[in-house]
Every structure is written in structure tokens, then in C-alpha cells.
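The values are calculated or read from the model by the stated rules, or taken from the named source; none is laboratory data. As the structure is a prediction and not an experimental result, all values here were calculated from the model. Using ideal geometry, Cβ is built from the backbone for each residue, glycine included, and neighbour counts are taken over all protein chains shown.
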Amino acid sequence: MASTDKSSSQQIPNVVKFIFGGTAGMAATCFVQPLDLVKNRMQLSGVGGKAKEHKTSIHVLRAVVKNEGITGLYAGLSAGLLRQASYTTVRMGVYTSLFDWYSREYGQGKPPGFFIKAGLGMTAGAIGAFFGTPAEVSLIRMTSDGRLPLADRRGYKSVFDALIRITREEGVLTLWRGCIPTMGRAMVVNAAQLASYSQAKQFLLSTSYFRDNIGCHFAASMISGLITTAASMPVDIAKTRIQSMKTINGKPEYTGAIDVLTKVIRNEGLFALWKGFTPYYARLGPHTVLTFIFLEQMNKTYKEYVFGDTSSGGGL
């Protein structure tokens, strides 16, 4: 009994938490990359006077397959993986570390309340977004390249080609273009996603219908994904358009996130801020589900085989 108590009090090392966070995000991205591409194409469909370029998600899929082939659906996969390796590694590692620290120091072993979770999520999201912005810029450009005329396409061969060419052709600071709205989006996403996941899981476990298993993780993730999608889409559209924009005659298309949102509402209507909601949720929902399931299972397996602790779950 004493050994069980000891193993239950042991904490997964921070470096392992970071590795698990990034690995979970990268694994999930392999499944949802086509949906990310669809979402980006729809969010950019109002740019350049092409408001009716893509009417639905199905229309985008058909156009991509017809014009770019099946492999076109995975355009930018290398950037998506690098984004997870940087952004998700940092945000999930920071969040789980802060979560454990707060529970240990201030919660007497109990999880923090919803608003504390939201604050921890915002902090983790902002830090992760800063490190992930270069890969994010590359991802937006690579997934949107196929919608441009051949003469205007950038034609990046991989995320590393994109990073090198952006630095050489536009300057290193361009890699952090849109960093502020990216961090703003990440703060909204993580406050909603991480806090709502932890809270939903905590609520579900308080009922008699769920145990700490994949079924509970799936249900909590779907709830989290829906809340996160609704909250973060306007910020995501601003981020996407800023990172995809070109500078024409020395003048950028947008001066900032507020300028993007103002022009979108004026030219396309208020609900255009949620343009691409279906592919965004179709992407974010499964990505949230898969990320948390992978992460919970890795944490649980580590505790079981390293600490010999079979009494606890994944710990989120």
C-alpha cells in the first residue's frame, strides 16, 4: 500500500510532458491535415474579390482533388507537423507542468478551478504560439498556394524550403508575421480548449456514466472542440489572412487584426467571421479528440510502466 501511495505522488518529468504533448499533436495532425487545408482555403475565399470561390467544404475538396490530385489534400503536411512539434510541444508541456504545479502547491492535490485552468491555458497558448509562428506562417502559405494562379504561386517544396526562402526573400521577421493575432488566437483556443476539456472531464467523471477511459476522453474532447471552435474562429480568420497576405507596391493588404475583422464584416458580413466553421470544427474536433486521447494514453502508460501506478488516469 505504501508503494502505491508513493507511485501515485510521483510526477511525470517536465521533459517527458513536453515530448508527449508534441507527439500527441503530430499524430493527430496526420489524420486531420486535409481538413486544415479546407479550412484555410475557405477562410481565404473572400480575398482578391473571390467571395464565391468556395461555397462549401465539399466544393473545396472537389476543387483540390480535381486541380491538384489526392496528394494536394496533404499540401503543407511538413509545416503542420513542424507546427505541432513546436507549438503543441510547448503549449501542452507548459500547461500540464503548470497544472501539476498549481494542484501541488495551492490545491492540496486537487485540480484547479475553471478560471485558473483558463488562465493556465492562456499562458501556455501564448508561449507555444510564439515558438510555433514560423511553422504557422509556412503552413498557411503552403495550404493556400494551390488556389493562386500559377504565376503567383510560391511553390515551397517543404516547410524547411519555406522557412529558408521566407527569410532570404522577405526577412527573418516575416516568419513572425501575424505573431500577435496568432498568440491571441492561441490564448483563446487554449483557454477554451484546455480548460473546457479538464472541466468537462471532471464533470463527466462526477456522474455515474463515465470512468477515466477513452470513452470519457472522447466525450470531453468533443465538448471542448465545439466550445473552442465557436470562440476562436474570428481570431483565426484574422491570423490566416494576415499570414497569407502579400505586400503590393510596398503596402500590405492589412495593417493588423482589427483591420482584417473590420474589412471582413464590411465586405462579407458579420457571419463571414465564422466562414469555414464546418471544416474548422471538423478539423479542430477530431484533432482535439485525438490529441487528448493520445496524450492521456501516453501519460497513463508512462505512470503504469515507470511508476507502477495503475490507479490513476492520464492526469488532465
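Here's the yes/no breakdown for (1) at negative phi; (2) touching a residue at least 12 places away in the same chain (Cβ under 8 Å); (3) not aliphatic (A, V, I, L, M):
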site	(1), (2), (3)
Leu77	yes, yes, no
Ala85	yes, yes, no
Val94	yes, yes, no
Asp100	yes, yes, yes
Ser103	yes, no, yes
Pro111	yes, yes, yes
Leu120	yes, yes, no
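Going by what's in this entry, would Ser86 be described as of a type outside the set (Val, Ile, Thr), modelled with pLDDT of 80 or more and more than 13 Å from Met142 (Cα to Cα)?
Numbers: of a type outside the set (Val, Ile, Thr): yes; modelled with pLDDT of 80 or more: yes; more than 13 Å from Met142 (Cα to Cα): yes.
Against the criterion (of a type outside the set (Val, Ile, Thr), modelled with pLDDT of 80 or more and more than 13 Å from Met142 (Cα to Cα)), Ser86 qualifies.
List pairs: first residue in the range 283-298 and closer than 14 Å to Thr96 by Cα and crowded, with 24+ Cβ neighbours inside 10 Å, second residue of a type outside the set (Phe, Trp, Tyr) and at pLDDT 85 or above anywhere in the structure, Cβ distance under 6 angstrom, at least six positions apart or on different chains.
Cβ pairs passing all conditions: Thr291/Ala24; Thr291/Gly25; Thr291/Ala28; Phe292/His217; Phe292/Ser221; Leu295/Ala24; Glu296/His217.
Does Thr310 fit the bill of being surrounded by fewer than 20 Cβ atoms within 10 Å (Cβ to Cβ), outside any helix (DSSP H, G or I) and modelled with pLDDT under 80?
Working: surrounded by fewer than 20 Cβ atoms within 10 Å (Cβ to Cβ): yes; outside any helix (DSSP H, G or I): yes; modelled with pLDDT under 80: yes.
Here the answer is yes, as Thr310 does meet what is asked.
Please determine, by comparing only the residues of the range 1-53 that are of a type in the set (Ser, Thr, Tyr) and at pLDDT below 85, which one is surrounded by the most Cβ atoms within 10 Å (Cβ to Cβ). Full working, then the answer.
Step one: of the range 1-53, the residues of a type in the set (Ser, Thr, Tyr) are 3-4, 7-9, 23, 29, 45.
Pick out the ones that are also at pLDDT below 85 and you get 3-4, 7-9, 45.
Details: Ser3: 10, Thr4: 13, Ser7: 17, Ser8: 15, Ser9: 11, Ser45: 21.
This residue is Ser45.
I'm trying to understand the selection: among the residues of the range 265-280, which are touching a helix residue (DSSP H, G or I) at 6+ places or on another chain (Cβ under 8 Å) and surrounded by fewer than 21 Cβ atoms within 10 Å (Cβ to Cβ)? Break it down stepwise before answering.
Start the filter on the range 265-280 by keeping residues that are touching a helix residue (DSSP H, G or I) at 6+ places or on another chain (Cβ under 8 Å), which leaves 265, 272-280.
Those that are touching a helix residue (DSSP H, G or I) at 6+ places or on another chain (Cβ under 8 Å) and surrounded by fewer than 21 Cβ atoms within 10 Å (Cβ to Cβ): Ile265, Ala272, Leu273, Trp274, Phe277, Thr278.
Would you be able to tell me the number of residues in the range 245-261 that are surrounded by 14 or more Cβ atoms within 10 Å (Cβ to Cβ) and either under 23 Å from the mean Cα position of the chain (by Cα) or farther than 18 Å from Val137 by Cα (or both)?
So the answer is 6.
Sort through Thr167, Thr143, Thr123, Thr133 and tell me the only one that's polar (S, T, N, Q), assigned to a helix (DSSP H, G or I) and farther than 28 Å from Thr71 by Cα.
Thr123
Can you say whether Leu82 is more than 24 Å from Lys275 (Cβ to Cβ), surrounded by 19 or more Cβ atoms within 10 Å (Cβ to Cβ) and hydrophobic (A, V, I, L, M, F, W, C), as far as the supplied structure shows? Can you show your working first?
Details: more than 24 Å from Lys275 (Cβ to Cβ): yes; surrounded by 19 or more Cβ atoms within 10 Å (Cβ to Cβ): yes; hydrophobic (A, V, I, L, M, F, W, C): yes.
Here the answer is yes, as Leu82 does meet what is asked.
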